[in-house]
Amino acid sequence: MAKIYIIDVTNRDGVQTARLGLAKLEKTLINIYLNEMGIFQSEFGFPVTRHEINYLNANLELQESGLLKPIRLSGWLRATVGDVETTFKNVPKLKHMNISISTSDQMITYKFQGKLDHKSVIKEMVEALRLAKQSGAETVGVNAEDASRTRMEYLTEFALAAKENGADRIRYCDTLGYDSPDTIYERIFKLAEAVKIPIELHCHNDLGMAVGCSVMGAKGAIDAGVDAYVNTTVNGIGERCGNADLVGCILAIKKSSGFANKYILDERVDLSKSWKITKSASYAFGVAIAINQPGIGANAFAHESGIHADGALKDWRNYELYHYEELGRGEPEIIEFKTDEEATKILELARYANVHTQKPLTNDELRFIAKYPEQARKILTVTP
């Protein structure tokens, strides 16, 4: 049976959030936590952006060393020959990527404004895809930006062209959060049935339905007989109203009545790592976790109503769908930097890291710097 895999895009889409961002060291720690959590792939950055180059290459070195395995590290770029050429020049060891181009009438008409039409959109995508494969990419996902507002017949034509030229997946981008769970299920089922290629679900939360649309889109793909890849971000961080929340999607797949024991989530996913990664990302982004956020919000396991409290004390399953221990709940220790025996060896790097992140270092950041000083130095270095 087909499976559901998670591709987390915190380090690409999440860091594009207005007023927010992550330092390269913080992005590296997110990759480490995602790997520990058993996430299939991290879209870890932009290989055509100069200030990302050292960070990307250092993380690929960490993968070679075994620290970032078995997670895949993938780059995001536009579906142009120029971006592909630049990518392999900047990050020659990159093996996984997604190339992106707009497909809706709205964007082809009013974004490209005559520079591209429907035929040339497909032509440009195919040329970039072929070059990426010829240049050594092991997997290439092809993104249909604004897929939810794209005519089905054109989206199918676009996806078929991608498949015929070596694409490994089609990313269906609900770029504006326009779909509802029923429409995305129907559209994904039709697309997957027609093209027979794995589908990625990339959903935004503008209407508050990103998790629902992601899991129902995945259901549509699997019902049509192909694997599904759900795009997530930690704590739902993302442009405008955010992306599909990582923990929320995992809980929905593992616990909801429509999915549990019916649809298979990648067995490597370890829900017990949820607390650590969500708290660490909240600290790094400087954004508090909502009190009612599924699984990891402060009130997720709190009871005030007398009836609820009484029932939960008798048996937690009376009023809780999942147990707090499943999510590994417990506060990660966040410390201010202080010179101890371990940190003395890497004092200069730690001082630079404080400037780099503009906040006190965490224990995990200090340990990373101590264990991988060469890669840490590269990650902390930006050459204009």
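Each row is one residue, and each column tells you yes or no for (1) assigned by TED's automatic domain parsing to the domain that holds A132; (2) buried (at least 23 other Cβ atoms within 10 Å of the Cβ); (3) not in a loop (DSSP other than H, G, I, E, B).
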{"residue": "G21", "(1), (2), (3)": "yes, no, no"}
{"residue": "E26", "(1), (2), (3)": "yes, yes, yes"}
{"residue": "I32", "(1), (2), (3)": "yes, no, yes"}
{"residue": "I39", "(1), (2), (3)": "yes, yes, no"}
{"residue": "S42", "(1), (2), (3)": "yes, yes, yes"}
{"residue": "L68", "(1), (2), (3)": "yes, no, no"}
{"residue": "K89", "(1), (2), (3)": "yes, no, yes"}
{"residue": "M97", "(1), (2), (3)": "yes, yes, yes"}
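Here is a check on your reading of the model: is C249 surrounded by fewer than 19 Cβ atoms within 10 Å (Cβ to Cβ), under 30 Å from G21 (Cβ atoms) and in contact (Cβ under 8 Å) with a residue 60 or more places away in the chain? Give the derivation first.
Working: surrounded by fewer than 19 Cβ atoms within 10 Å (Cβ to Cβ): no; under 30 Å from G21 (Cβ atoms): yes; in contact (Cβ under 8 Å) with a residue 60 or more places away in the chain: yes.
So C249 does not fit the description; no.
Among the candidates A221, A228, which residue alone is over 30 Å from Y324 (Cβ atoms) and either buried (at least 23 other Cβ atoms within 10 Å of the Cβ) or touching a strand residue (DSSP E or B) at 6+ places or on another chain (Cβ under 6 Å) (or both)? Full working, then the answer.
Details: A228 fails: over 30 Å from Y324 (Cβ atoms).
Answer to the check: A221.
Give the residues of the stretch 6-16 that are more than 9 Å from the chain's Cα centre (by Cα) and either of a type in the set (G, A, S) or surrounded by 20 or more Cβ atoms within 10 Å (Cβ to Cβ) (or both), sorted by residue number.
Of the residues in the stretch 6-16, the ones more than 9 Å from the chain's Cα centre (by Cα) are 15-16.
Of everything in the stretch 6-16, just one residue is more than 9 Å from the chain's Cα centre (by Cα) and either of a type in the set (G, A, S) or surrounded by 20 or more Cβ atoms within 10 Å (Cβ to Cβ) (or both), namely V15.
What's the number of the condition A218 fails, among (1) in contact with a Phe, Trp or Tyr (Cβ under 8 Å, 6 or more places away or on another chain); (2) in a loop (DSSP other than H, G, I, E, B)?
The single condition A218 does not satisfy is (2).
Mind telling me which of the residues D245, D223, D227 ends up being acidic (D, E), within 16 Å of the chain's Cα centre (by Cα) and at negative phi? Walk me through how you get there before you give the answer.
Working: D223 fails: within 16 Å of the chain's Cα centre (by Cα); D227 fails: within 16 Å of the chain's Cα centre (by Cα).
One residue alone meets the criteria, D245.
Yes/no matrix, rows are residues, columns are (1) among the basic types (K, R); (2) over 26 Å from D168 (Cβ atoms); (3) assigned to a helix (DSSP H, G or I):
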position: N235; (1), (2), (3): no, yes, yes
position: R240; (1), (2), (3): yes, yes, no
position: A252; (1), (2), (3): no, no, yes
position: F259; (1), (2), (3): no, no, no
position: E267; (1), (2), (3): no, no, no
position: T278; (1), (2), (3): no, yes, yes
position: A290; (1), (2), (3): no, yes, no
position: N299; (1), (2), (3): no, yes, no
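Considering only the stretch 91-140, how many residues are out of contact with any strand residue (DSSP E or B) (no Cβ under 9 Å at 6 or more places or on another chain) and under 14 Å from G75 (Cα atoms)?
Going through the stretch 91-140 one residue at a time, the tally reaches 3.
How many residues does the stretch 99-114 hold that are of a type in the set (A, V, I, L, M, F, W, C) and assigned to a strand (DSSP E or B)? Explain how you work it out, then say what you get.
Just the residues of the stretch 99-114 that are of a type in the set (A, V, I, L, M, F, W, C), to begin with: 99, 101, 107-108, 112.
If we keep only those that are assigned to a strand (DSSP E or B) too, we end up with 99, 101.
Looking only at that region, the number is 2.
What is the number of the single condition among (1) within 22 Å of the chain's Cα centre (by Cα); (2) without any contact (Cβ under 8 Å) to a residue 60 or more places away in the chain that E124 does not meet?
Going through (1) within 22 Å of the chain's Cα centre (by Cα); (2) without any contact (Cβ under 8 Å) to a residue 60 or more places away in the chain one by one, E124 breaks only (1).
If you go through the stretch 183-222, how many residues are among the polar types (S, T, N, Q) and either more than 20 Å from F259 (Cα to Cα) or touching a Cys at 6+ places or on another chain (Cβ under 8 Å) (or both)? Step through it out loud before you land on a result.
Going through the stretch 183-222, the residues among the polar types (S, T, N, Q) turn out to be 183, 205, 214.
Among the residues that remain, those that are also either more than 20 Å from F259 (Cα to Cα) or touching a Cys at 6+ places or on another chain (Cβ under 8 Å) (or both) are: 205, 214.
Number of matching residues: 2.
Checking the structure you have, find out if any residue of the stretch 4-12 is at pLDDT 95 or above and out of contact with any Asp or Glu (no Cβ under 9 Å at 6 or more places or on another chain). Even if it seems obvious, please write down each step before you answer.
Filtering the stretch 4-12 for residues at pLDDT 95 or above gives 4-12.
With out of contact with any Asp or Glu (no Cβ under 9 Å at 6 or more places or on another chain) added as a condition, the list becomes none.
No, the stretch 4-12 contains no residue that is at pLDDT 95 or above and out of contact with any Asp or Glu (no Cβ under 9 Å at 6 or more places or on another chain).
I'd like the full set of residues that are surrounded by fewer than 24 Cβ atoms within 10 Å (Cβ to Cβ) and within 21 Å of the chain's Cα centre (by Cα), limited to the stretch 176-191.
Going through the stretch 176-191, the residues surrounded by fewer than 24 Cβ atoms within 10 Å (Cβ to Cβ) turn out to be 176-178, 180-183, 185-187, 189-190.
L176, G177, Y178, S180, P181, Y185 - these are the residues of the stretch 176-191 that are surrounded by fewer than 24 Cβ atoms within 10 Å (Cβ to Cβ) and within 21 Å of the chain's Cα centre (by Cα).
Just for the stretch 327-384: of the residues that are within 12 Å of A23 (Cβ to Cβ) and of a type in the set (D, E, K, R), which one is modelled with the lowest pLDDT?
Among residues in the stretch 327-384 that are within 12 Å of A23 (Cβ to Cβ) and of a type in the set (D, E, K, R), the one modelled with the lowest pLDDT is K359.
The values are calculated or read from the model by the stated rules, or taken from the named source; none is laboratory data. Since we're looking at a predicted model, the values are computed, not measured. Glycine also receives a Cβ, built like all others from the backbone with ideal geometry; neighbour counts cover every protein chain displayed.
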